[in-house]
Amino acid sequence: MKVLITGGGGFIGSHLCDALLRDGAQVTVIDNFSTGSPKNIAHITNEIEIISGDIRDVALMESLTQKADLVLHMAAALGVSRILENTLESISTNITGSEVVLNAATKFNTRLIIASTSEIYGKNPAQPLSEGDDRVVGSPQKLRWSYSDAKAIEEAMAFALHQDNQLPVTTVRLFNTVGPRQTGQYGMVVPRFVASALKNDAITIYGTGDQSRVFCHVYDAVRGILLLAKTEAAIGDVYNLGGRGEITINELANNVVRITDSKSKLSYTAYDDAYPIGFEDMQRRVPNISKITSAIDWQPEHSLEDIISDVADYLREKS
Ligand SMILES: NC(=O)c1ccc[n+]([C@@H]2O[C@H](COP(=O)([O-])OP(=O)(O)OC[C@H]3O[C@@H](n4cnc5c(N)ncnc54)[C@H](O)[C@@H]3O)[C@@H](O)[C@H]2O)c1
């Protein structure tokens, strides 16, 4: 099995590489290392092919896709801070780049998994969120929504190519996926909290901390993605992939302090101080994962304790 992973030098992509190598696959990575890092795949450089390039390069994507049995499209610009600071480049990667990936897979009729996101649902208050639920997003001038919009366009292109050209594509909507190798640099909450806790620095919570999320270990997410890729019946369909156990950001911070045995205190910053005026966040984001758990033999297995401990171990090793 020859697998092409776009964004394979990133957080989720690099764990997909590890899992696929364990399964005996031949792996090729294409990454421009904008947010990913060669360090994420340094331990396997001799076992995989690494192409340093951009998914918007049509000729390159076509030549790589032609050689692949499966494409896992993980490359994207993400993270609230990155989207706000590099909005145009992010839109270009997430729309134009995805279009190139989708068209190449269509041309060679290659099995494709695209990584979408819980951001698709925006601020829809109907929780838990199911695949058919509405998108409720704010004004386009609130630039965080450009990520949700771009991913929605990508999903729509994928669905249309499946309908019109029989593209064998499955869409996976990932909810807050966390684990080793994720960077806190672009606004991801768990690595940011754990990094502060390990230094006994204040843990900064945006807003009141009453907002809640559900976290999924990257090992569970990777297992789910690879199972979906093997499931014929999943072609043309869309699945939420997330963990279980809703937790407020205050509770998360307290858990991080306890599990890392830290002396950190919690501190609070208004959203308007952390992000541009008018920034909007969602109060809750809870996945309904009943569709994926009945479609494939998959359940999230790792607890929040596992996630925090694994992130802490990774950050300790790195420092
Ligand atoms: N981590 C999460 O919680 C989460 C949640 C929802 C969706 N997702 C989706 O999962 C996928 C993987 O995310 P991640 O968390 O691993 O992020 P990541 O930033 O670690 O990985 C993205 C990778 O894509 C690469 N990349 C960016 N633009 C590129 C371009 N133009 N050409 C080639 N490579 C490019 C980056 O260098 C990086 O290695 C993304 O599509 C993301 O939208 C992630």
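Along each principal axis, taking the top coordinate minus the bottom one, the Cα set of segment 105-209 gives 55, 30, 27 Å in descending order.
Among the trypsin sites (Lys or Arg not before Pro) found in segment 246-301, those both in a DSSP coil and sparsely packed, with 13 or fewer other Cβ atoms within 10 Å of their Cβ, are 263, 265.
In a DSSP loop and with at most 16 other Cβ atoms within 10 Å, the trypsin sites (Lys or Arg not before Pro) in segment 149-228 are 199. Longest segment of the chain with no GluC sites (Glu not before Pro) in a DSSP loop having at most 15 other Cβ atoms within 10 Å? Longest gap between qualifying sites, sites excluded: 48-279.
Annotation: lysines with alpha-carbon distance below 19 angstrom to residue 263 (same-chain offsets under eight excluded): 199. GNM on the chain, alpha-carbon springs under 10 angstrom: the most fluctuating residue among 249, 203, 296 is 296. Distance between the modelled labels on residue 232 and residue 261, one decimal in nanometres: 5.3 nm (7 Å Cα→Cβ projection). For the pair segment 285-319 / segment 234-250, the C-alpha centres are spaced 10 Å from each other. Taking all C-alpha pairs of segment 86-165, those more than 21 Å from each other amount to 34 percent. With 25 Å as the limit, the listed pairs 123/230; 142/265; 67/230 have 123/230; 142/265 beyond it between alpha carbons.
Inter-part distance, segment 1-67 to segment 146-161, computed on C-alpha centroids, equals 22 Å. Here the chain is treated as an ellipsoid with the same Cα gyration tensor; its semi-axes, largest first and in whole Å, are 30, 22, 19.
Counted by Cβ distance under 11 Å from residue 195, the other residues give a net charge of +3, where Lys and Arg count +1 and Asp and Glu count -1. Where does helix 98-108 land angle-wise versus the long Cα axis of the chain, in degrees 0 to 90, nearest 10? Roughly 30 degrees between the two axes.
Once both axes come from the Cα atoms, what is the angle between helix 304-318 and the longest principal axis of the chain, in degrees from 0 to 90, rounded to 10? Helix 304-318 sits roughly 90 degrees off the main axis of the chain. Between 0 and 90 degrees, rounded to the nearest ten: what's the tilt of helix 11-22 against the longest Cα principal axis of the chain? Tilt relative to the chain: about 60 degrees. Dipole magnitude for the chain: about 360 debye, using +1 per Lys or Arg Cβ and -1 per Asp or Glu Cβ, origin at the Cα centre. Modelled spin labels at residue 201 and residue 283, positioned 7 Å past Cα toward Cβ, are 3.2 nm from each other. Once the other residues with Cβ under 13 Å from the Cβ of residue 28 are scored (Lys, Arg +1; Asp, Glu -1), what is the net sum? Cβ neighbours under 13 Å give a net charge of -2.
Throughout, read-outs are computed from the coordinates displayed, never taken from laboratory work. The structure displayed is predicted, hence computed values, not measured ones. All Cβ positions, glycine included, derive from the backbone under ideal geometry; neighbour counts span all protein chains shown.
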